[in-house]
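In what follows, a single structure is set out as structure tokens and then discussed.
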Amino acid sequence: MSTQTSSVTVPLPAVKAVRRSFSSPLGSLFVVVVTVLWTLPTFGLLATSLRHQQDVADSGWWNVFTHPELVLSNYHTVLFEGGFGVSGGLMPYLVNSLAISVPATVFPLVLASMAAYALAWVRFRGSDTLFFVIFALQVVPLQMALIPLLQLFSGGAHLGSFTVLPSFDLAGTYLPVWLAHTMFALPLAIFLLHNFISQLPRDLMEAAVVDGASHFRIFRSIVLPLCAPALASFAIFQFLWVWNDLLVALTFAGGTPDVAPMTVRLAQLSGSFGGRWELLTAGAFLSIIIPLIVFFSLQRYFVRGLLAGSVKG
Amino acid sequence: MPLSGAQLADSAWNDAAIKLGNSLGAIAGFLGILLVVFFVAGRATGRFGRPTAIAVFLGPAVLLLLVGLVAPLIRTVYLSFRNDDSTRFLGGKNYGWALTTDSIHQVLLNTLLWLLVAPVVATGLGLALALAVERMKWQALYKSLVFMPMAVSLVGASIIWKFVYEAREAGQPQIGLLSEVVIRLGWKHPPNWILDHPLNDFLLMAVMVWVQTGFAMVVLSAAIKAIPDEVTEAARLDGAGGLRLFWYVTVPMIRTTLVVVLTTVMIVTLKAFDIVRTMTGGNFGTQVLANEMYSQSFVQFNVGRGSALAVILFLAVLPLVAYNIVQLRKERTTR
């Protein structure tokens, strides 16, 4: 094998030798096969969404290679008209996804960067403990907070007969979803941004204080600009997290076209659309196209944000 | 009178403009209030300067965390000891129900199966890919394509795979990829995949593996690249090579990362309810803990039982997350 000949001529370090034995023709074949397997289902989805209803019902999507006859009409139908037995298109849900995701990214980003700055640079007694508590809150899974939070949003908070918080009539608005996403994002966001903000050069901060700048001024004109890369990574992570979320949306938005995002609607339709695969695939592709664009255009930030956020609760 | 297609599209665009306007308005309002608060609070000087700054910077986040996480956490534990409309104290009855009912047994068993199979397969595949893709041409392309499912929602992934698993009567033209492939390979009467228990459990797990393998690959690939050459030089001089080198040098060197990847995928697996919910709705023997918790709490409104299941989920996730976070912190401090 080629491994042997090259190990005689050039003494490779051990790890490289391992890599070599894996990067044999067999290894390469393995990678190619897995990559094709991993890509094919998504391609099948796209292909099906572009075929005529009759073609989709009668033959598999792989026939596009021999009979490439593609149309965009499924997208128009699914967006604006709905389908068999399902009234209304997906357009309102697509809009809801966007209307939920953007504020649910901005709110936690701003609040977490403020909190992280205070914890890192406005030291006070107990600030370390507070940071640790926030950090530890990352272990709480979403599921632990859903029932009480929903009760709070719909019924207010009471201690015995004393009303701590009145019930807000928030049903049919985005507010509960925004709030829930903001609350659940904070522990991770504060932790990540604190790591970044606490690394800013001390000299710079001290110079600003000597010049008489207030904390608010320092935060606006020094901290935020310098943190832009960290903020961007987290923003991308959070945006996609919210865009792709089903649990929070299902619990706090209900299923109506007024508030519910794409994920909620698609989960419903995957049961009821039954045979209309050309519509379901078009709908699914509409919901994944934005994450895919973000992924392929901002890959570096995306991967960084995702790796950092992989422990999110 | 039914609306024409063009009118429907028109009203949809109007609706969109209003909703997005509201959403941007909320952001503008939020930032506007913050600016005003900053301006006012920034005028506080001297003795009040610092306390004001701390209150303004930390107040909102701490308040939201108390209302949104700390209080609900305590309340969920409290609710789990009460009956389903929270009027009576039940002691541990909800937990007893969760551990002794047959249908929940099946759920816990499935969850355990998911926890054991999906993370191990995803991590193993990811490791093999990380090793094999090294030094290949077009390396970045392969990595992106395998990583791509990570960008897609679990709902989207479920629909993609539900279509792959679509099965028709034998003899009819198949439109699902899996049926078509196995029939071409000579399996005359393949089962209706999604309905066939326990096979369907594994087919659902395949979706999770599809999503998580890219994550495992990227993280492990970085860890392998970080192994210092001189550390393993000695092993090679001692005559270790190929597979032996892999087992005795590479794996121990990346052990921490391997475990972190494994536990991370385990956490995702435990908490994910989207796949089961979208593909089978928990029917046909595929139910898992996270989806059962959702159904009990928000479909059947059994608040007590739902809370007990949430607490069980929390206790199952707790050691994994705690381990991960400690590792993450260690890495940060040593760097």
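The values are calculated or read from the model by the stated rules, or taken from the named source; none is laboratory data. Please read all numbers here as calculations on a predicted model, not as lab measurements. Cβ: placed from backbone, ideal geometry, glycine included. Neighbour counts: every protein chain shown. Ligands, DNA and RNA are excluded from the accessible area calculation, which covers all protein heavy atoms including side chains. Shrake-Rupley method; radii C 1.70, N 1.55, O 1.52, S 1.80 Å.
Roll a 1.4 Å probe over the protein heavy atoms and report the accessible area of B:Met148 in Å², nearest 10.
Spelled out: B:Met148, probe radius 1.4 Å, area about 10 Å².
In what sequence, largest accessible area first, do B:Trp247, A:Trp62 appear using a 1.4 Å probe?
So, going from the largest accessible area down, we get B:Trp247, A:Trp62.
Can you tell me the dipole magnitude for the protein assembly as shown around its Cα centre, using point charges on the Cβ only (Lys, Arg +1; Asp, Glu -1), in Debye to the nearest 20?
Using Cβ point charges on Lys, Arg, Asp and Glu, the protein assembly as shown gives about 1780 debye.
Could you give the C-alpha radius of gyration of the stretch A:239-287 expressed as a fraction of 2.2 N^0.38 Å, taking N as the number of residues it contains?
In units of the 2.2 N^0.38 Å rule of thumb, it is 1.14.
Name the residues whose placed amide hydrogens come within less than 5 Å of the amide hydrogen of A:Ala157, ignoring near sequence neighbours (fewer than 5 apart) on the same chain.
A:Val164, A:Leu165
Rank B:Arg82, B:Arg47, B:Arg305 by mean-square fluctuation in a GNM of chain B with C-alpha springs under 10 angstrom and give only the top-ranked residue.
B:Arg47
If all Cα-Cα distances of chain A are sorted into 20 Å bins from 0 onward, what percent lands in each bin, rounded to whole numbers?
24, 44, 28, 4, 0
Of A:Leu46, A:Leu72, A:Leu37, which is the most mobile in a GNM of chain A whose springs link Cα atoms less than 10 angstrom apart?
A:Leu37
For the stretch A:91-311, what is the accessible area per residue in Å² when the probe is 1.4 Å?
That works out to 36 Å² per residue.
Per the helix-only calculation at 222 nm, which mean residue ellipticity applies to chain A, given -39500 (n - 2.57) for every DSSP H run of n ≥ 4 and division by its residues, nearest 500 deg cm²/dmol?
The helix contribution divided over chain A gives -21000 deg cm²/dmol.
Could you tell me the largest-minus-smallest coordinate of the C-alpha atoms of the stretch B:109-255 on each of the three principal axes, in descending order and whole angstroms?
Projected onto its principal axes, the Cα set of the stretch B:109-255 covers 61, 35, 32 Å.
Here is the link list: B:Lys225/B:Lys330; B:Lys188/B:Lys271; B:Lys143/B:Lys271; B:Lys162/B:Lys330. Which ones come out longer than 31 Å on Cα distance?
Table pairs above 31 Å Cα-Cα are B:Lys188/B:Lys271; B:Lys162/B:Lys330.
Is the stretch B:5-93 rounded, prolate or oblate when judged by the Cα gyration tensor, a ≥ b ≥ c being the square roots of its eigenvalues, rounded requiring a/c under 1.5 and prolate requiring a/b larger than b/c?
oblate
Given H placed on each backbone N at 1.01 Å, which residues far from B:Arg82 in sequence or on other chains put an amide H within less than 5 Å of it?
B:Leu90
Roughly how many Å² of B:Glu230 are accessible to a 1.4 Å probe, to the nearest 10?
Looks like 140 Å² after rounding.
Using a 1.4 angstrom probe on heavy atoms only, work out the carbon and sulfur share of the accessible area of chain A in %.
67 percent
With runs of 4+ DSSP H residues as the only contributors, calculate the mean residue ellipticity of chain B at 222 nm using -39,500 (n - 2.57) per run, divided by the residue total and rounded to the nearest 500.
-23000 deg cm²/dmol
Could you tell me the relative contact order of the stretch A:48-143? Use alpha-carbon pairs under 8 Å, at least six residues apart, and round to a whole percent.
Value for the stretch A:48-143: 14 percent.
At 1.4 Å probe radius, can you tell me the per residue accessible area of the stretch B:137-187 in Å²?
Heavy-atom accessible area per residue stands at 44 Å².
Under a no-solvent Debye model with one identical scatterer per Cα of the protein assembly as shown, what's log10 I(q)/I(0) at q = 0.07, 0.09 Å⁻¹?
Per q value, in the given order, log10 I(q)/I(0) is -0.50, -0.83.
Just want to confirm a number: the relative contact order over chain B, from Cα pairs under 8 angstrom separated by 6+ residues, in percent.
Averaging sequence separation for qualifying contacts and normalising by length gives 24 percent for chain B.
Compute for chains A and B the buried accessible surface, both sides summed, probe 1.4 Å, and express it in Å² to the nearest 100.
The A and B chains share an interface burying roughly 10900 Å².
Amide H of A:Gly82 versus every other amide H placed in the peptide plane: which residues, excluding those fewer than 5 positions away on the same chain, fall under 5 Å?
When sequence neighbours closer than 5 places are left aside, the close amide H contacts are A:Gly89, A:Leu90.
Normalised by the number of residues in chain A, what is the relative contact order in percent for Cα pairs under 8 Å and 6+ residues apart?
Worked out over chain A, it gives 28 percent.
Given N residues in chain B, what is its alpha carbon radius of gyration divided by 2.2 N^0.38 Å?
1.31
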